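Heads up: the structure comes next, in structure tokens.
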Amino acid sequence: MYNFIKSPLEGARLQNEGNHDAAKIVFRKLLDDNPDNLDLLNQLVVSCIKTNEFDAAIDACRKSLAQDPRQVDTHFYLGIAYYNWEDIGNCIKSLKQALNIDPSRSEIKDLLKLLKARPYLGIADALQGVHAPERQVFMSAVVDLLKDKRNHLKILEIGTYAGSSALTWFNAVENLFPGNSSLLCVDAWENSSANQYGEHTEKALKSNRVYEAFLHNMELAPESIKIDHIRALSEDALPNLEDASFDIIYIDGCHYYREALSDILESKRLVSNGGIICGDDLELNYDEIDTGFAATNKKTDYVKDPKTGIRYHPGVTLAVNECFGTVSQFRGFWAMQKSGKKFEEVSLKSATGILPKHFPEYLIEDIKNYFDTSNLLGNLAS
């Protein structure tokens with residue numbers, strides 16, 4: 001008797017009915033007996049993608065392409081699986097391979113064009129500032145403060161991750177600064193001993209997917225800004241940079257006290273006179289916190305302060321206080337300007353900030369609502 005459950009027709013029927021979980025079971029049973037069957041592998045790929053089992057889809061695509069590397073649709077499906085697996089680098093490589101085999105595939109060509117033209121922030125924690133998106137506006141306002149004081153603007157970013165904050169600098173420079181500029185990003189793009197991330201983010205770093213997303217996003221830089229990066233821990237990279245060589249230094253690296261303190265001390269050496277050191281993750285100033293609790297949590301990334309009940313980064317608060325005392329603070333974004341041998345607080349009340357165009361609409365609305373009632377900024381522009 002014919003065993004219908006082991007028939008490819010049964011798997012195809014289940015796919016047509018939208019029952020991809022059941023279809024996967026059929027195709028996997030069939031592949032147990034015939035592991036090199038290209039049709040079965042490619043059918044399995046489709047059902048894995050439909051059920052968000054992207055790692056399995058990638059594995060099946062690789063097995064299929066190992067036998068016949070000129071399968072256009074399999075390269076295409078591999079690209080789709082990589083995109084959803086948060087790997088924009090391999091996604092684009094796979095789609096390019098498909099197009100190289102068959103240049104007539106206009107839908108693949110259009111998809112590639114679309115992906116290259118927009119930022120990729122689908123990777124773990126890539127959209128920095130979701131919890132306080134107005135910080136990105138304050139970043140751009142710092143550029144506006146210096147627009148009439150510099151012919152060329154040199155920005156150093158310590159801690160870049162997938163490049164969301166770098167995109168903010170791009171937008172600010174393009175809209176607010178009349179001259180050319182440069183951005184140097186320093187990040188290790190790897191698991192660090194600090195271990196301040198969650199499991200999902202750690203996996204994204206280990207697999208190089210975060211670095212690939214960063215490289216993709218840097219391709220979107222406007223012609224007026226020169227991009228460079230150093231792939232290293234800041235404690236190894238910063239000592240090799242020249243004194244007083246940057247106009248804006250933005251610190252968003254490791255949040256632990258020792259690492260944050262090191263970044264700030266190096267930045268004080270690296271910033272030019274009249275330049276600005278700024279950073280993220282200062283939710284509470286030193287005079288607001290339980291200082292004893294903070295001292296025992298220097299190597300805790302993010303924790304609730306028992307005095308205020310507010311979650312904050314104790315290492316950042318301690319390091320900023322030790323280097324500057326009181327600083328200008330804007331919803332977690334902080335800034336200080338160098339004036340001779342001193343550092344002074346910064347006012348943004350006369351500055352223009354730019355809405356981050358890479359943010360989704362719901363966050364843009366949150367930003368607009370915040371500035372409708374805030375008097376911390378002179379003007380908000382789109």
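The values are calculated or read from the model by the stated rules, or taken from the named source; none is laboratory data. Worth saying up front: this structure is predicted, and the values here are computed from it rather than measured. Glycine gets a Cβ as well: all are built from the backbone with ideal geometry, and neighbour counts include every protein chain shown.
Counting residues in the range 326-343 that are in contact (Cβ under 8 Å) with a residue 12 or more places away in the chain, touching a Phe, Trp or Tyr at 6+ places or on another chain (Cβ under 9 Å), polar (S, T, N, Q) and closer than 20 Å to T168 by Cβ gives one or more.
Here is a yes/no grid of residues against (1) touching a helix residue (DSSP H, G or I) at 6+ places or on another chain (Cβ under 6 Å); (2) under 21 Å from K226 (Cβ atoms); (3) in a loop (DSSP other than H, G, I, E, B):
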| site | (1), (2), (3) |
| --- | --- |
| H75 | yes, no, no |
| C91 | yes, no, no |
| N100 | no, no, no |
| D110 | no, no, no |
| G122 | no, no, yes |
| V142 | no, yes, no |
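Which residues, taken from the range 76-93, are in contact with a Cys (Cβ under 8 Å, 6 or more places away or on another chain) and either of a type in the set (K, R) or surrounded by 23 or more Cβ atoms within 10 Å (Cβ to Cβ) (or both)? Write out each step before concluding.
The first filter runs over the range 76-93 and keeps only residues in contact with a Cys (Cβ under 8 Å, 6 or more places away or on another chain), leaving 77-83.
Selection gives Y77, L78, G79, A81, Y82.
Residue pairs whose Cβ atoms lie under 8 Å apart, separated by 6 or more positions or on different chains, with the first residue in the range 41-55 and touching a residue at least 24 places away in the same chain (Cβ under 8 Å) and the second of a type in the set (D, E), are N42/D73; S47/D21; T51/D21. Scanning the range 332-367 for residues that are of a type in the set (K, R) and surrounded by 14 or more Cβ atoms within 10 Å (Cβ to Cβ), which turns out farthest from R118 (Cα to Cα)? Per the stated criteria, the residue is K338.
Considering only the range 80-93, I want to know if a residue exists there that is free of Cβ contacts under 8 Å to residues at least 24 places away in the same chain, closer than 30 Å to A117 by Cβ and not β-branched (V, I, T). Yes; the residues of the range 80-93 include at least one that is free of Cβ contacts under 8 Å to residues at least 24 places away in the same chain, closer than 30 Å to A117 by Cβ and not β-branched (V, I, T). Any chance the range 11-21 includes a residue that's on the phi < 0 side of the Ramachandran plot, at pLDDT 85 or above and not assigned by TED's automatic domain parsing to the domain that holds N208? Yes, some residue in the range 11-21 is on the phi < 0 side of the Ramachandran plot, at pLDDT 85 or above and not assigned by TED's automatic domain parsing to the domain that holds N208.
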